[in-house]
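Report on the following structure.
The values are calculated or read from the model by the stated rules, or taken from the named source; none is laboratory data. The structure displayed is predicted, hence computed values, not measured ones. Here the Cβ is made from the backbone with ideal geometry for all residues, glycine too, and neighbour counts use every protein chain on show. Accessible surface areas use protein heavy atoms only, side chains included; no ligands, DNA or RNA. Shrake-Rupley method; radii C 1.70, N 1.55, O 1.52, S 1.80 Å.
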Amino acid sequence: MELPLDWLAALAAGLVSAYVLQRFFFTCFCEDFFFLWKVIRYGARLELFRLRSSVRTVLDRFVQQARRIPDKPFVIHDGRVHTYRDVDARSNRLANVFLDAVELAKGDCVALLMGNEPDFLCVWFGLAKVGCSVAFLNTNLKSKSLLHCVKCCGAKTLIVGSDLVDHMDGVLMDQLRDDVQVWVMRSQNEDTHLHTLLDKVEAASDQPVPAALRASTSLKCPILYIFTSGTTGLPKAAVITHLQSLKAAGGFWAFGVKEDDVIYIPLPLYHSAASLLGIGGTIELGATCVLKKKFSASQFWNDCRKHNVTVFQYIGELCRYLCNQPQTDKEKVHKVRMGIGNGLQREVWREFLDRFGNIKMCEVYGSTEGNLCFMNHVGKIGAVGRSNFIYKFLFRYELVKYDMVKDEPEKDQYGFSKRVDKGETGLLLSKVGATSPFFGYAGSKQLTEKKLMRNVFVKGDAYFNTGDLMEEKDGFIIFRDRMGDTFRWKGENVATTEVSETLGLVDFIEEVNVYGVEVPGHEGRAGMAAVIVRPGFTFHGKVMFEHVTRDLPAYARPLFIRLQTVMEITSTFKQQKFQLVQSGFNPSTISHRLYILDYQQEAYIPLTDIIYQRILAGERKL
């Protein structure tokens, strides 16, 4: 049967119209359709867990993979291959030790202070197998912050990696021993107060402990505590539930990573990006990961070639370091096809692709404790994710107008927040509800409540305040700036109040206002402190240096000091940061005396025009 010519003409016109609409108005339609279909399918599976009150956890998935592909490499570390069977068996040994020797019980919380190594995973999984929650401790933390982290999550047991034992502060150990039993990943140790694990692991059975110990009936059951910068001065223990860990574990799959991919993880496991997204995603797929103890720009591409890496995790600073390496003939000789991470700036993104080839860079946006995640699944340069009515319907987020000078959201005549106009930058808020809950922080309802904004658009609503300024442009969402009391430097979030409180303990300091300033050629913001010196005292650069290097991790130490006589405040009596941030650290345009952290002279020294120009030229390492 032949089709009428007018019918064929109509069909052709329809196809052309559809193509034009897709090409100019729905440019990412196909990519969006398949990506959202994956997200919806995965979400439906999690909803079934809730309805059936039976959760198949990330650990359950690992045990399943260990049975399905026991001899497949799971982790490659320092040239050694650890199969799924190897990690499963060793975590079983540790689980038996935790039950018998350590005498842990289901529901206990254990703090874990270890660097990137396979035993981090074995200890983590072993604790999960006996039903314990685990608190991942940042290995950079100093004594006061470390002690706070152990105690705020209710941990009565601390496990320390063998290479970190000798770095533990003696005073800290004395304080810990009163309430916490400390176990170290060694066979023997001179300090008799520290219990050793490895000697007991070698003698333990590798038979699995009862599965009932790890079983869970609720997606909202806390299983991890991952620490974020605290606006009150000390790190906050973000509660990580099965729901969050399962969502993160599906991230690689949603981006299109496959079972036969080899994933390179150079980020610290105590952060959610490496542990939840990286390790969780590897497990979900049954893939292989190359775990790097510490990122090395000079070894990166050699590692990728050696292990046939196809996907790597990054932060923006990592990519900039790679771009700063000397050019070689082998830069594009690799099998890497995708990078997944966050914080990649537009100019570095373009340079990275020019230097190293056609690699799809997929940005992820989200905080450890947050209830919203953006994923730039199409690789659009400069964007953190897609943004259109479909995404807003599914993920329920809003951009509201923000007063930079007053450091607060703008309100209308009724006291409600104002949505931004098209193309305008605004504060990103994410609606809190049944499908996007906010689980908050351990040990403090006040901190949890502080992250929420209530009565935003109507009475009774609640939104998670990301603290980030975003812009919607051409169907994408673009990160613009971070507000509030944190900034990011060297891949870590810095809490301005923690730094302020630490500096405030110096005897000649009367008042401190800490903030971050942009430095050309560097990711994030460098720490800077505006200080007022007490009457009758003088600023002492060596004393300040000794204080910050003793009590603050390297990434949190202010690089610049600005001496002032008065500290401006906003109309709501907050310290004024906006003008300070805008003025930067240029000694030729700032009338106040400026100092810079100098490790060679072990002091804060005057910031001169010559030093400033060397920083701009990239000749002085920060």
Exercise for review: Determine which single condition Leu51 fails, assuming it passes every other condition in (1) more than 19 Å from Pro210 (Cα to Cα); (2) part of a helix (DSSP H, G or I); (3) open to solvent by less than 10 Å² (accessible area, probe 1.4 Å).
Suggested key: (3)
Review point. Residues that are of a type in the set (A, V, I, L, M): which strands (runs of 3 or more DSSP E) entirely in region 495-611 hold 3 or more of them?
Key: 509-517, 526-533, 594-598
**Study point:** Matching residues, region 340-354, being in contact with a helix residue (DSSP H, G or I) (Cβ under 8 Å, 6 or more places away or on another chain) and either of a type in the set (Phe, Trp, Tyr) or not in a loop (DSSP other than H, G, I, E, B) (or both)
**Key:** Ile340, Gly341, Asn342, Val348, Trp349, Glu351, Phe352
Check your understanding: Of everything in region 311-331 that's within 22 Å of the chain's Cα centre (by Cα) and hydroxyl-bearing (Ser, Thr, Tyr), which residue is most open to solvent (accessible area, probe 1.4 Å)?
Key -> Tyr321
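For region 444-459, indicate whether the set of residues that are among the acidic types (Asp, Glu), surrounded by fewer than 18 Cβ atoms within 10 Å (Cβ to Cβ) and closer than 30 Å to Leu597 by Cα is non-empty.
No, region 444-459 contains no residue that is among the acidic types (Asp, Glu), surrounded by fewer than 18 Cβ atoms within 10 Å (Cβ to Cβ) and closer than 30 Å to Leu597 by Cα.
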Check your understanding: Can Arg355 be described as at pLDDT 95 or above and either open to solvent by 10 Å² or more (accessible area, probe 1.4 Å) or more than 28 Å from Asn465 (Cα to Cα) (or both)?
Key -> yes
Point to revise | Filter result for Val581 (surrounded by 15 or more Cβ atoms within 10 Å (Cβ to Cβ), of a type in the set (A, V, I, L, M) and in contact (Cβ under 8 Å) with a residue 60 or more places away in the chain) | key: yes
Practice item. Working only within region 437-465, note down all residues that are over 20 Å from the mean Cα position of the chain (by Cα), over 21 Å from Cys149 (Cβ atoms) and in contact (Cβ under 8 Å) with a residue 40 or more places away in the chain. Key: Met453, Asn455, Val456, Phe457, Val458, Tyr463
Check your understanding: Does any residue of region 332-339 turn out to be in a helix (DSSP H, G or I), open to solvent by 20 Å² or more (accessible area, probe 1.4 Å) and not aromatic (Phe, Trp, Tyr)?
Key -> no
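Hydrophobic (A, V, I, L, M, F, W, C) and more than 30 Å from Arg346 (Cα to Cα): which single residue out of Ala603, Ala529 fits that description?
Ala603
For region 612-622, give me the residue count where each residue is touching a residue at least 12 places away in the same chain (Cβ under 8 Å) and either touching a Ser or Thr at 6+ places or on another chain (Cβ under 9 Å) or not in a helix (DSSP H, G or I) (or both). Walk me through how you get there before you give the answer.
Within region 612-622, the first condition is being touching a residue at least 12 places away in the same chain (Cβ under 8 Å), and the residues that meet it are 612, 615-616, 618, 622.
Of the ones still in play, those that are also either touching a Ser or Thr at 6+ places or on another chain (Cβ under 9 Å) or not in a helix (DSSP H, G or I) (or both) are 612, 618, 622.
Total meeting the criteria: 3.
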Review point. Which ones in region 460-476 are open to solvent by 20 Å² or more (accessible area, probe 1.4 Å) and on the phi > 0 side of the Ramachandran plot?
Key: Gly460, Asp474, Gly475
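Which of the residues spanning region 178-235 are among the charged types (D, E, K, R) and more than 30 Å from Arg488 (Cα to Cα)? Step through it out loud before you land on a result.
First pass over region 178-235, keeping only residues among the charged types (D, E, K, R): 178-179, 186, 190-191, 199-200, 202, 206, 214, 220.
Across region 178-235, the qualifying residues are Asp178, Asp179, Arg186, Glu190, Asp191, Asp199, Lys200, Glu202, Asp206, Arg214.
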Exercise for review: Please state which of the following conditions Ala254 fails to meet, knowing it meets all the rest: (1) modelled with pLDDT under 95; (2) touching a Leu at 6+ places or on another chain (Cβ under 6 Å).
Suggested key: (2)
Review point. If Glu492 satisfies every condition in (1) of a type in the set (D, E, K, R); (2) open to solvent by 20 Å² or more (accessible area, probe 1.4 Å); (3) at pLDDT below 90 but one, which is the exception?
Key: (2)
Practice item. For residues that are open to solvent by 30 Å² or more (accessible area, probe 1.4 Å) and either in contact with a helix residue (DSSP H, G or I) (Cβ under 8 Å, 6 or more places away or on another chain) or hydroxyl-bearing (Ser, Thr, Tyr) (or both), scanning just region 408-437, find the one that is nearest to Leu580 (Cα to Cα). Key: Thr425
Check your understanding: With (1) touching a strand residue (DSSP E or B) at 6+ places or on another chain (Cβ under 9 Å); (2) more than 27 Å from Glu568 (Cβ to Cβ); (3) among the hydrophobic types (A, V, I, L, M, F, W, C) as the list, and Leu427 as the residue in question, which single condition is left unmet?
Key -> (2)
Practice item. Restrict the check to region 265-284 and report whether at least one residue is open to solvent by 10 Å² or more (accessible area, probe 1.4 Å) and over 30 Å from Ser162 (Cα atoms). Key: no
Review point. Among the residues of region 312-327, is any aromatic (Phe, Trp, Tyr) and modelled with pLDDT of 95 or more?
Key: yes
Practice item. Determine, yes or no, whether Val20 is open to solvent by less than 70 Å² (accessible area, probe 1.4 Å), aliphatic (A, V, I, L, M) and either at pLDDT 55 or above or under 30 Å from His242 (Cα atoms) (or both). Key: no
Practice item. Mind listing whichever residues of region 498-529 are open to solvent by less than 10 Å² (accessible area, probe 1.4 Å) and either out of contact with any helix residue (DSSP H, G or I) (no Cβ under 9 Å at 6 or more places or on another chain) or touching a residue at least 60 places away in the same chain (Cβ under 8 Å) (or both)? Key: Asn513, Tyr515, Gly516, Val517, Val519, Ala526
Review point. Failed condition for Gly256, given (1) under 13 Å from the mean Cα position of the chain (by Cα); (2) open to solvent by 10 Å² or more (accessible area, probe 1.4 Å), with all others met?
Key: (1)
**Study point:** Candidates Glu369, Glu347, filtered to the one that is more than 27 Å from Asn308 (Cα to Cα) and surrounded by fewer than 21 Cβ atoms within 10 Å (Cβ to Cβ)
**Key:** Glu347
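Residues are listed down the side, and each one gets a yes or a no for (1) open to solvent by 40 Å² or more (accessible area, probe 1.4 Å); (2) among the β-branched types (Val, Ile, Thr); (3) in contact with a helix residue (DSSP H, G or I) (Cβ under 6 Å, 6 or more places away or on another chain):
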{"site": "Glu103", "(1), (2), (3)": "yes, no, no"}
{"site": "Gly115", "(1), (2), (3)": "no, no, no"}
{"site": "Asn138", "(1), (2), (3)": "no, no, no"}
{"site": "His148", "(1), (2), (3)": "yes, no, no"}
{"site": "Met168", "(1), (2), (3)": "no, no, no"}
{"site": "Met173", "(1), (2), (3)": "no, no, no"}
{"site": "Glu190", "(1), (2), (3)": "yes, no, no"}
{"site": "Val201", "(1), (2), (3)": "no, yes, yes"}
{"site": "Ala211", "(1), (2), (3)": "yes, no, no"}
